[in-house]
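Asks: The structure under discussion is supplied below as structure tokens; questions concerning it will follow.
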Amino acid sequence: MLENNKLPFAHINLRFNPFGELDREDRAKIAVVDVNQAASFLSQHGRAIQFIADHGRGKSTHLIALHQSFPTAPYTQVHEGDKPVFSQQTLHFVDSVECLPYKQRQQLYRAANSLAITTHQDLSHELNKAGYHTLSLPVSLIKSDVLQQVLLRRIELARRNPGKLPSINLAATHKLQRDYGDNIRAIESHLYNVFQSLTEIGNVEV
Amino acid sequence: MSKCELRISLDQPDASYQIGDTVHCTVHVSVSDSVECKGLTLNRFWRTHGRGNRVSGNSEKIVLFKGRWAPGEYQYKHSFEIRNGPLTYHGKIVNVDWYLKAQADIPWAFDPKAETEFLVKRRPHAEGPDIFEDHEIETQDTSHSARANSKWLAAIPLLLLGIGGSMLYSGYNESDIQSLFIGGMMSAFGLFVAFKFFRNTLAERKVSNVRVSVQPKQLRPDSHCKINLGFTARDNLNLNQISATLLGTEIAVSGSGTKRTTHRHEFYNRPHTLHRGSTITVGRRVSCQLDLAIPADAAASFSERDNRVEWKVELTIDIASWPDWKTTEPITILT
């Protein structure tokens with residue numbers, strides 16, 4: 001247990017464990033996502049973007065990053081059993097749209113001129129049928145350098161003072177990918193435990 | 001464009017305070033060019049971090065300045081008393097820290113911000129009684145109450161076992177791996193729930209009229225909690241021991257909806273023996289008691305959305321060759 005008499009993680013120049021839970025604002029800051037193409041696509045009428053992937057691959061992070069380009073558009077996080085009501089809007093952002101029953105998805109499509117969603121399953125057929133010009137973006141952190149960048153951004157976000165920080169090099173990143181594939185959530189969970197036990201600044205052994 | 005930087009300093013170099021202390025802080029403002037400030041605010045609050053979704057509270061915000069800054073350095077002092085709120089806690093999956101956050105509302109520009117933590121520790125030898133008036137809470141004769149109130153709950157594990165068993169049977173006959181898997185999981189879970197539910201019911205075939213008292217329920221560190229446990233033997237039985245275990249657990253919940261995950265970390269586990277092994281003849285009344293010591297450095301209890309630090313006393317009557325009788329009594333460690 002960290003000492004209650006010292007500032008948390010000060011011994012490794014951090015303010016908190018970089019791989020703990022973050023709020024939406026911080027998740028947007030660490031996203032390594034090129035949303036320019038998606039933002040340009042979405043700014044036109046009648047467009048839909050779907051970020052497709054399994055759990056823990058970064059779909060929500062992509063959606064949050066894209067939402068930064070459209071901050072006034074409503075953002076809805078859907079959970080199983082929810083029945084949100086979607087008002088008539090130029091643009092809607094909906095996370096986990098596959099949790100909505102078919103009829104509710106149709107209500108969403110009627111309410112939104114344009115749409116950005118995350119989903120586990122490919123909904124391009126019904127989006128096209130609803131009249132959208134659809135862009136499907138599979139989400140997966142296959143590139144090691146991109147994954148490393150994501151992890152280093154988390155560490156930088158937790159920085160306490162100027163100076164050195166614990167670092168994750170490419171070799172460590174490759175090992176994480178061998179162990180966990182593209183499941184970023186599992187990687188972050190593992191690194192949480194690693195950083196909880198870290199005693200000094202340097203290259204982190206994973 | 002004007003550059004405006006903020007910094008917060010505290011009177012204590014180690015940023016460490018106790019409940020009841022006065023914190024003296026200064027917000028330093030450095031301005032490179034003349035700029036209008038619609039409001040320099042200072043907000044103090046606590047916030048959790050770790051495995052659980054972040055939660056904050058006790059937010060108190062004041063406005064230190066409004067107006068125009070010419071280029072230069074400015075200092076705004078502020079003092080406040082730490083009256084209440086959670087103590088600083090640094091655990092494995094739950095952390096609670098106090099923060100001061102300064103922010104300047106600059107029109108047509110990114111608002112400069114600064115944030116710093118300060119530690120809040122409990123005051124040693126706090127004033128006030130060590131033992132608080134408390135309702136005596138006794139678990140009455142559980143053998144009757146459990147059966148009377150929970151008959152309908154017994155259907156749940158039976159339902160799980162029934163459905164799981166059916167799926168296993170049909171999955172086996174049709175070589176359906178999915179049915180076998182789901183049926184197996186449901187049956188295993190049903191057995192687990194059944195054991196948990198019926199354990200005390202089975203144990204009460206050997207012990208009856210179990211009375212438990214744990215008081216007080218609100219305690220300071222380095223104090224004592226009196227535990228009394230008594231029962232009547234319904235049968236001749238060999239008693240391995242009666243024990244009371246003080247447990248401290250962090251509980252953090254991350255995600256939401258279907259992605260919601262509960263993490264647990266047991267940071268304290270200390271068993272104490274109330275009664276050592278003996279043979280009890282039928283009809284005999286057994287009574288035992290213990291002064292359970294609360295550690296001097298016991299973390300204060302904390303309970304907010306998705307982040308908890310909990311303490312409880314788990315009492316066990318360990319009957320040889322028979323399911324144990326168990327009960328759990330939550331307690332609160334005060335700040």
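The values are calculated or read from the model by the stated rules, or taken from the named source; none is laboratory data. Here the structure is a predicted model, which means the values were calculated and not measured. All Cβ positions, glycine included, derive from the backbone under ideal geometry; neighbour counts span all protein chains shown. Each accessible area value is taken on the protein alone, full model and side chains, heavy atoms only, with ligands, DNA and RNA left out. Shrake-Rupley method; radii C 1.70, N 1.55, O 1.52, S 1.80 Å.
Asks: Find all pairs meeting these conditions: Cβ atoms under 6 angstrom apart; at least six residues apart or on different chains; first residue within region B:55-83 and over 24 Å from residue B:30 (Cβ atoms); second residue open to solvent by 50 Å² or more (accessible area, probe 1.4 Å) and not in a strand (DSSP E or B).
Replies: What qualifies is B:55/B:305.
Asks: What about residue B:51, is it among the charged types (D, E, K, R), within 14 Å of chain A (Cβ to nearest Cβ) and under 22 Å from the mean Cα position of the chain (by Cα)?
Replies: yes
Every residue, every condition in (1) touching a strand residue (DSSP E or B) at 6+ places or on another chain (Cβ under 8 Å); (2) without any contact (Cβ under 8 Å) to a residue 12 or more places away in the chain; (3) over 30 Å from residue A:185 (Cβ atoms); (4) part of a strand (DSSP E or B), yes or no:
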position: B:211; (1), (2), (3), (4): yes, no, yes, yes
position: B:227; (1), (2), (3), (4): yes, no, yes, yes
position: B:231; (1), (2), (3), (4): yes, no, yes, yes
position: B:235; (1), (2), (3), (4): no, no, yes, no
position: B:238; (1), (2), (3), (4): yes, no, yes, yes
position: B:244; (1), (2), (3), (4): yes, no, yes, yes
position: B:248; (1), (2), (3), (4): yes, no, no, yes
position: B:252; (1), (2), (3), (4): yes, no, no, yes
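Asks: Scanning for something within 14 Å of chain A (Cβ to nearest Cβ) and either surrounded by 16 or more Cβ atoms within 10 Å (Cβ to Cβ) or at pLDDT below 95 (or both), does region B:218-239 turn up at least one residue?
Replies: yes
Asks: Would you mind stating whether residue B:276 is under 29 Å from residue A:193 (Cα atoms), modelled with pLDDT under 95 and among the basic types (Lys, Arg)?
Replies: For residue B:276, the condition - under 29 Å from residue A:193 (Cα atoms), modelled with pLDDT under 95 and among the basic types (Lys, Arg) - is not met.
Asks: Among the residues of region B:196-209 satisfying the criterion of being within 26 Å of the chain's Cα centre (by Cα) and touching a residue at least 24 places away in the same chain (Cβ under 8 Å), which is nearest to residue B:284 (Cα to Cα)?
Replies: Ranking the candidates gives B:200 first.
Asks: Which ones in region A:1-53 are within 14 Å of chain B (Cβ to nearest Cβ), open to solvent by less than 60 Å² (accessible area, probe 1.4 Å) and at pLDDT below 85?
Replies: A:2, A:4
Asks: Return only the number of the condition from (1) touching a Ser or Thr at 6+ places or on another chain (Cβ under 7 Å); (2) under 24 Å from residue B:304 (Cα atoms); (3) assigned to a strand (DSSP E or B) that residue B:49 does not satisfy.
Replies: Every condition holds for residue B:49 apart from (1).
Asks: I'd like the residue in region A:71-82 that is open to solvent by 20 Å² or more (accessible area, probe 1.4 Å) and within 20 Å of residue A:134 (Cα to Cα) and, out of all such residues, is farthest from the other protein chains (Cβ to nearest Cβ).
Replies: A:74
Asks: For residue B:211, state whether it is touching a Ser or Thr at 6+ places or on another chain (Cβ under 9 Å) and open to solvent by 10 Å² or more (accessible area, probe 1.4 Å).
Replies: Yes, satisfied.
Asks: Additional query: Can you name every residue in region A:135-182 that is outside any helix (DSSP H, G or I) and open to solvent by 70 Å² or more (accessible area, probe 1.4 Å)?
Replies: Selection gives A:138, A:142, A:143, A:161, A:162, A:164.
Asks: I'd like the full set of residues that are within 13 Å of chain B (Cβ to nearest Cβ) and in contact with a helix residue (DSSP H, G or I) (Cβ under 6 Å, 6 or more places away or on another chain), limited to region A:173-197.
Replies: A:186
Asks: I'm checking my understanding of the structure. Among residues of region B:14-24 that are small (Gly, Ala, Ser) and within 14 Å of another protein chain (Cβ to nearest Cβ), which one is surrounded by the most Cβ atoms within 10 Å (Cβ to Cβ)?
Replies: In this case the residue turns out to be B:15.
Asks: Could you tell me which numbered condition residue A:109 fails, if it satisfies all but one of (1) within 14 Å of chain B (Cβ to nearest Cβ); (2) of a type in the set (Phe, Trp, Tyr); (3) open to solvent by less than 30 Å² (accessible area, probe 1.4 Å)?
Replies: Result: residue A:109 fails condition (1) only.
Asks: Being open to solvent by 50 Å² or more (accessible area, probe 1.4 Å) and more than 14 Å from chain B (Cβ to nearest Cβ) is the filter here; which residues of region A:54-70 pass it?
Replies: A:69 - this is the single residue of region A:54-70 that is open to solvent by 50 Å² or more (accessible area, probe 1.4 Å) and more than 14 Å from chain B (Cβ to nearest Cβ).
Asks: Further question: Tally time: how many residues in region B:83-109 are within 13 Å of another protein chain (Cβ to nearest Cβ) and assigned to a loop (DSSP other than H, G, I, E, B)?
Replies: The qualifying residues number 6.
Asks: Looking at (1) touching a residue at least 12 places away in the same chain (Cβ under 8 Å); (2) more than 14 Å from chain B (Cβ to nearest Cβ), can you tell me which one residue A:125 breaks?
Replies: (1)
Asks: Continuing with the same structure: With respect to residue B:323, determine if the residue is open to solvent by less than 40 Å² (accessible area, probe 1.4 Å), assigned to a loop (DSSP other than H, G, I, E, B) and within 14 Å of chain A (Cβ to nearest Cβ).
Replies: no
Asks: Looking at (1) surrounded by fewer than 16 Cβ atoms within 10 Å (Cβ to Cβ); (2) over 31 Å from the mean Cα position of the chain (by Cα), find the lone condition where residue B:27 falls short.
Replies: Failed condition: (1).
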